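Here's the structure we're looking at; comments come further down.
What follows draws every value from the coordinates through simple rules; no lab data is involved. Computed from a prediction, not measured in an experiment: that's the story for all the values here. Please note: Cβ atoms are built from the backbone with ideal geometry, for glycine as well, and neighbour counts cover all protein chains shown.
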Amino acid sequence: MKLDSRIPSGPIEQAWDQARFDMKLVNPANKRKFNVIVVGSGLAGGSAAASLGELGYNVKCFCFQDSPRRAHSIAAQGGINAAKNYQNDGDSIYRLFYDTVKGGDFRAREYNVYRLAQNSVNIIDQCVAQGVPFAREYGGALANRSFGGAQVSRTFYARGQTGQQLLLGAYQALEAQVDAGSVKMYTRTEMLDLVIINGKARGIITRNLVTGQIESHAADAVILATGGYGNVFYLSTNAKGSNCTAIWRAHKRGAAFANPCFTQIHPTCIPVSGDYQSKLTLMSESLRNDGRIWVPLKGGDKRSPSQIPENERDYYLERRYPSFGNLVPRDVASRAAKAVCDEGRGVGETGLGVYLDFADSIKRLGKNAIEERYGNLFEMYNRITGEDPYTQPMRIYPAIHYTMGGLWVDYQLMSTIPGMFVLGEANFSDHGANRLGASALMQGLSDGYFVIPYTLGNYLASNKLEKVDTSAPEFAATTKEVNDTIARMLSIKGKRTVSSYHRELGKIMWDNCGMGRNAEGLTKAIQQIQALRQEYWQNVNVPGSGADLNQQLENAGRVADFLELGELMCRDALARNESCGGHFREEYQTEEGEAMRDDENFQYAAAWEYGGENAEPILNKEPLEFKYVHPAQRSYK
Amino acid sequence: MSTAALAPPNSARSLFSSVIVKKAIMAATGAALYLFVTVHLLGNLQVFLGPEAINTYAAKLKSIPEILWGARLGLLTLVGLHILTTIQLMKINSKARPVAYAKKANSASTAASRTMYLSGPTIAAFIVYHLLHLTVGSAHPQFSETDVYSNIVFGFRVWWVSAAYLVAMALLCTHLSHGVQSMFQSLGFNHPKHTPRIKKFAHAVGLIYFAGFASMPLAALSGFLPPFFERL
Amino acid sequence: MNLTLHVWRQANAAAPGRMERYDARNVSEDMSFLEMLDVVNEQLIAESKEPIAFEHDCREGICGSCGFMVNGVAHGPQRGTTVCQLHMRHFKDGEELYLEPWRATAFPVLKDLVVDRGALDRIIAAGGYVSVRTGSAPDGNAISVPKEAADISMDAAACIGCGACVAACPNAAAALFTGAKISHLGTLPQGQAERSRRALRMVEQLSLEDFGACTNIGECEAACPKQIPIEMIARMNHDHLKAAWQTRGARKSGGGE
């Protein structure tokens, strides 16, 4: 497989301008003759569908939820970064670019990141104009806060619901295009396969989740914006429906999957309370600004926290990282929590948790000040756990939150399948091995509003696309494969439920491909996943039929794909003999237990090619070049 | 249903087909009727000032037939519009939920607000009886065209007439207690500081008006209001 | 704890439905309501029965997917809480719970507790947006927005579109949903140009979708998991009446777009 990243040459500051000028344009009158499919309606998909519809393309947009407004972008709390420098505190496009490349531990493409930082500025303008109610200062100007350890205040926010408000902005723009007739929305419709004709992506096969109807949709280009695959771990902060099916099936049709092992773990989540647990809830990491993290000094200390005296507590982040203390980056904080729990010093019934204590802050600032800052988070914690964080410390534990890996795309966001573009969390492009806080929303909207409208036009104008409709034999052939898979799943009628397999897979992944990884565990995990997958196809019980609304069947297809993706993630983690960002290989750490990168051998993006049902995947490497930000070891001591 | 079926946004059609305009008409007519009830109550309370006062007041009201009939026609129109919009909205609302819940709890609404559709028709029926009783006189045992005072006193000395009147007034006042606060909302006024005050005021109005209306039959029944000839 | 559930079961939109009884055994008080249903469903599958269909996605109270009636209250007994965030510690051992789908002509039942809320999308499509071409926006700070306006706007914009207001309303009105969107955009300077068109078209769409009419009784406000106040309905009434008055008799002049 040849990877052509199509990175422009020349100085990085002018690269995107030059690239846009070099792109071919589609005549305004011809745009409506092109059919474009957008799968996913979150920040990336929603903004892309709205913008392309507005340009005049014939757009079909698909989502599995009952409304495009439900996409999981809605759950993002913290904010969105932009290099506006409204605070006059020294921010700039270059600084945001620099921070993102460094934060990503030097495993992202510089040119992509620079474009992201440039677009960040336009995103805020666009969203304000749409009526997104960003927080304001008394003078009426936009308010900012600093976020995730950044040294400038560049994060824009709408209370604790920034993702919701940005998504509603995109959703409303999308509905306006639906009303205008340029976008046709297909809700409760799941993409089950990609149709390729003459080497180009020309359509998709979908299932209507209400009637069970398998349908074909032809197009001149297909855009996937279907989000991340964190649910491979079963327990994550993702929505229950978030899945990898669209990108995984596209991968099996020829799209390379890049850096699948780069997953992000968020340190401040509410711990698991029992086997029935269905998902994990994230609390904004701003809590670490005033909360102190600790565990008992001695293992197995079952006293209630109030009975443990100060000198028998270990404030381990403050001890290990005196200068950053409780505010070390997400990956460092998460690994440290795992380390103390592994030592048997974890708290709570399961022993998988650490205290986040506000007693000192309440003493210092008063209960009112804390309530003003974190009232809604404390309320949420109380609602879920039944405990009062004003009088006893919160218990927190890390959880899977975001996946930096995804389908490989070039600078124009096109995958290795011509005509198929991938946007947002579904691609791998901008965050390298670790994503900075408040950058996910930025990337989704940058891709959807400000990149794809240009690059899609360039593809359509520079390729001669023959007329294709759903009567092409390729549609019939792919439909048959989809139908066969569904029929096979329904016919097993074995003994175990779909979610029991999902839980088991999640546990294998979390234990071996989670916060800490090693060759031995990964090798074992690959075998376990293969065995589990084999059992799945012989013993899973999918009740009901394929001819109506069947949530078990929907889930069965998604879990089947996770069972394949999980293996690839382990293979990727096993092949990357270094620690970087969210990928921590226990064999590769400094004496103090910090991550050790190996730039000489692993300064590349790993783009995996599907090898076939029982064949091993093929690793292709896209070397990464750092001309502007020079790789250095991160230190938070 | 497609949005393409929508009429252009600024067609006059939307002015009358809109549920919000209908509700506003209901609110505006309600407000006018509320004013009438106030004047009516104040006028009738003159019964406590003695027969001359109220009989002179009644004679004055009837002295110019143009004004009298104009007012009556106006009131009839108001009541008509109030009822017409109610029926229209009830039709829309019954169509909106054809299948009832097996179990339904009320979390916030007041009994007064939920029973508007019951209190309304009862009050309407009462008005008809009330007119036959004390305006036309055909439902009154000893009706006099000029002696309003005696009409009231003798009319209310029949215990079941007073009882029915009290029930009707209780319903009218609950109707008003929701209506007063509701009309502001329907006409687009809701203010974090003033609206709670309006609600309190509306409840107070309900109670005060009920006390006012109830005082007349109770006084007649208890003998506090002597018949005209006993005073002579 | 053990609970008895009475759940509305309906195979599809055309089929008749009925209440059926199920036992939920060994329910932990730390479970969310939906996790309790997950466990019941695993049990049903083990018994070769069809699991109960209910809608859910984020399970953290923001996506608006979930929602059904619990003992006649939308999203169950805890105020300001979606059913996915409702935990079982609020129930007592041995309690009987009635679970029913949202009921409204505008929300046809698709299966069990799942309803079609597409009508809410069409209300937004009728005018719940600010038209702004991608890339054409002025600088974010070009128009200042008073903090008070931004705060009211955000209060309204917090709506998650779950449909609880419709379900709780005795008239199945979508006034709080529509009022929230009209208030969100109408209080910001960016939403002024289309303010009157928005208030006319969105309200007209309400009727086309067969939602009922608001009678100001406030059940919606109590059911709203985001505690959006009915003040937003008054704002809608204001905008709509003003717009209707301003455009009265515009028929002859051939209004339209």
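With each label modelled as a point 7 angstrom along the Cα→C-beta vector, the residue A:307-residue A:211 pair spans 6.4 nm.
Partner aspartates and glutamates whose Cα lies under 19 Å from the Cα of residue B:104, excluding those fewer than 8 positions away in the same chain, are identified as C:20, C:95, C:96, C:100, C:112, C:219, C:221.
Please report C:69, B:116, A:509 as a ranked list, fewest other C-beta atoms within 10 angstrom at the top and most at the bottom.
Working: C:69 28, B:116 19, A:509 25.
Lowest count first: B:116, A:509, C:69.
Could you work out the relative contact order of region C:117-246? I mean the mean sequence separation of Cα pairs under 8 Å and 6+ apart, divided by the number of residues, in percent.
Numbers: 166 pairs, mean separation 43.7, N = 130.
Once normalised by length, the contact order is 34 percent.
Global size of chain A: 23.9, 76 Å for Rg and Dmax (C-alpha atoms, Rg to one decimal, Dmax whole).
State which entries of A:495/C:49; A:252/A:621; A:302/A:367 exceed 24 angstrom in Cα-Cα distance in the structure shown.
Over 24 Å Cα-Cα: A:302/A:367.
What does DSSP give for chain A in terms of the percent of beta bridges that are antiparallel, rounded to the nearest 5? Could the numbers behind the result be given before it?
Values: 44 of 64 bridges.
Roughly 70 percent of the beta bridges in chain A run antiparallel, per DSSP.
In this label model, residue A:350 and residue A:466 are separated by 5.5 nm, measuring between points 7 Å along each Cα→Cβ vector. Along region A:138-149 the Karplus relation, 6.51 cos²θ - 1.76 cosθ + 1.60 evaluated at θ = phi - 60°, assigns HN-Hα couplings of 4, x, x, 7, 5, 8, 9, 9, 8, 8, x, x Hz to successive residues, with x for each Gly and Pro.
In order along region C:228-235, the phi-based Karplus estimate (6.51 cos²θ - 1.76 cosθ + 1.60, θ = phi - 60°) of 3J(HN,Hα) comes to 6, x, 6, 3, 5, 5, 4, 4 Hz; Gly and Pro are listed as x.
Rank these for me by crowding, B:159, C:8, A:608, going from fewest to most other beta carbons within 10 Å.
Numbers: B:159 10, C:8 21, A:608 24.
Ascending Cβ contact count within 10 Å gives the list B:159, C:8, A:608.
For region A:473-588, the equivalent ellipsoid derived from the alpha-carbon gyration tensor has semi-axes of 32, 16, 11 Å in decreasing order. By the beta-carbon count within 10 Å of each Cβ, the least crowded to most crowded order of A:630, B:175, B:194, fewest first, is A:630, B:194, B:175.
Fully extending the segment from residue B:132 to residue B:164, taken as 0.36 nm per residue of separation minus the present Cα-Cα distance, adds 10.1 nm. Each label was represented as a point 7 Å from its Cα along the Cα-to-Cβ direction; for residue A:342 and residue B:39 these points are 8.7 nm apart.
If you restrict to DSSP beta bridges whose two residues both lie in the protein assembly as shown, what percentage is antiparallel, to the nearest 5?
Numbers: 60 of 85 bridges.
Within the protein assembly as shown, antiparallel bridges account for around 70 percent of the total.
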